[in-house]
Amino acid sequence: MEPTDEEFRIKLREVLARSGISMRRLSAAMGRDPGYVAALLDPARPSRARPTPADLLRASDATGIAFVELLAALWAIEPSRLADELARLGVGDPHAGGVGDLTDAERAEVADFASFLGSRHPKRLRERLPRGARSPGVSR
């Protein structure tokens, strides 16, 4: 759900404080007129169009705040939503080679198998053993 105008203003003020740059500089970084951010923050002024994803990309570059964090703060788009969608497409995970063409059911099977393999990893086995016990097949 899109943040209300007041929630948006609060989050935008937080972005400004975190970035340490001025309203004018943030406006310029987004490619907007110098008074853009000031107008967004002023409840007495007529509502202006909120920053677009392209504006937020430029703001991210200028402030060092991650694009997904700006989307979360100013548009209420959670990073986990983006991560889930990217994972389903096989994007972003260097170990996901070729999974983008799998069906959702096939991806679920791969994830289950990966969890099974992870649970059998010697380090994880040791973590589950009582203190001082040895993993089966491990000698000192």
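Go through segment 53-75 and give me each residue that's part of a loop (DSSP other than H, G, I, E, B) and either surrounded by 14 or more Cβ atoms within 10 Å (Cβ to Cβ) or at pLDDT 95 or above (or both).
The first filter runs over segment 53-75 and keeps only residues part of a loop (DSSP other than H, G, I, E, B), leaving 64-66.
Residue satisfying the conditions is 65 alone.
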- Message: Could you list, ordered by first residue, the pairs with Cβ atoms under 6 Å in which the first is in segment 16-41 and touching a residue at least 24 places away in the same chain (Cβ under 8 Å) and under 14 Å from residue 61 (Cβ atoms) and the second is small (Gly, Ala, Ser) and in a helix (DSSP H, G or I), at least 6 apart or interchain?
- Response: 29/59; 29/62; 30/59
- Message: So if I check each of 25, 50, which one is modelled with pLDDT under 95, more than 30 Å from residue 103 (Cα to Cα) and basic (Lys, Arg)?
- Response: 50
- Message: Condition first: over 28 Å from residue 83 (Cβ atoms), in a helix (DSSP H, G or I) and more than 24 Å from the chain's Cα centre (by Cα). Can you find one or more residues in segment 5-20 that meet it?
- Response: no
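Scan segment 108-126 for residues that are farther than 21 Å from residue 87 by Cα and either modelled with pLDDT of 70 or more or charged (D, E, K, R) (or both) and report the count.
We begin by selecting, within segment 108-126, every residue farther than 21 Å from residue 87 by Cα; these are 119-126.
From the residues that got through so far, the ones that are either modelled with pLDDT of 70 or more or charged (D, E, K, R) (or both) too are 119-120, 123-124, 126.
Adding up the residues that qualify gives 5.
The values are calculated or read from the model by the stated rules, or taken from the named source; none is laboratory data. Only a predicted model underlies this, so the values are computations on that prediction, with no experimental measurement involved. So basically every Cβ, Gly included, is an ideal-geometry build from the backbone, and we count neighbours across all protein chains shown.
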